[in-house]
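Novice: Please see the structure below; I have some questions.
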Amino acid sequence: MNSFLRHCILLLGLLAPHAFGADEPMLLSGQTLYLPVYSHVYHGDPGKDGKLAQTLVSTHISIRNTDPQIAIRLVSARYYDTVGKLVRSYVTAPVTIPPLGTHEIFVPRTDTAGGSGANFLIAWTAEAPANPPIVEALHADIREARTLMFITTGQPIKAR
């Protein structure tokens, strides 16, 4: 195969996803999202007793309906600890999030039940295919002398 033909095939391979709409967002009728969260973060070096320093953080979860026309229904928001044990459910009945609306969940800094490896499973549905929501958790410890803030983002998983 000559060099020109190889370059043409390579170029077609690179452009094909764009030509066939691979970057086009998918409309969905529902999904389950895994959202990593933290009740505390470890930092520094271990002390003489072998323990790590930790800072407690609050978690502000934002579930944003990105669809400008279709409401979505938040079916569940289950909070699990570091070993995978269900700590609590934050949605006891389905919650409708209107088009471009947001539902928020707050886990206070004093709630350490989740641990450093905590997570949420968040499930949503829609009556018609909709743009999937953006689900993020803002973790914060804000004090006079310092501020610690970071964001984690939900990832779609296959529900079983």
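Novice: For E127, E136, what ranking results if the residue with the fewest other Cβ atoms within 10 Å of its Cβ goes first?
Specialist: E127, E136
Novice: Further question: Describe numerically, in nm with one decimal, the distance between label points set 7 Å from Cα along Cα→Cβ at E24 and at A128.
Specialist: For the pair E24/A128, the computed spacing is 1.7 nm.
Novice: Expected output is a single nm value to one decimal: the length gained when fully extending between I157 and K51, i.e. 0.36 nm times separation in residues minus the C-alpha distance. What is it?
Specialist: 34.8 nm
Novice: How far, in degrees from 0 to 90, does helix 3-19 lean away from the longest principal axis of the Cα atoms of the chain, to the nearest 10?
Specialist: 60 degrees
Novice: Could you give the length gained by full extension between S116 and I70, i.e. 0.36 nm per residue of separation minus their alpha carbon distance, to one decimal place? Let's see the in-between values first.
Specialist: Values: separation 46, 0.36 × 46 = 16.56 nm, distance 3.55 nm.
Gain in length upon complete extension: 13.0 nm.
Novice: Continuing with the same structure: Work through the residues other than T55 whose Cβ is under 13 Å from its Cβ and net out their charges, Lys, Arg +1 and Asp, Glu -1.
Specialist: Net of charged neighbours comes to +2.
Novice: For n ≥ 4 DSSP H runs only, could you compute -39500 (n - 2.57) per run for the chain, divide by its residues and tell me the 222 nm figure to the nearest 500?
Specialist: Result for the chain, helices only: -3500 deg cm²/dmol.
Novice: Please rank D23, D141, fewest neighbouring Cβ atoms within 10 Å first, as an exposure proxy.
Specialist: D23, D141
A short reminder: the numbers here are calculations on the coordinates, not readings from a lab. Owing to the predicted nature of the structure, the values given are computational and were not obtained by experimental measurement. FYI the Cβ positions are ideal-geometry reconstructions off the backbone, even for glycines, and counts take in every protein chain you see.
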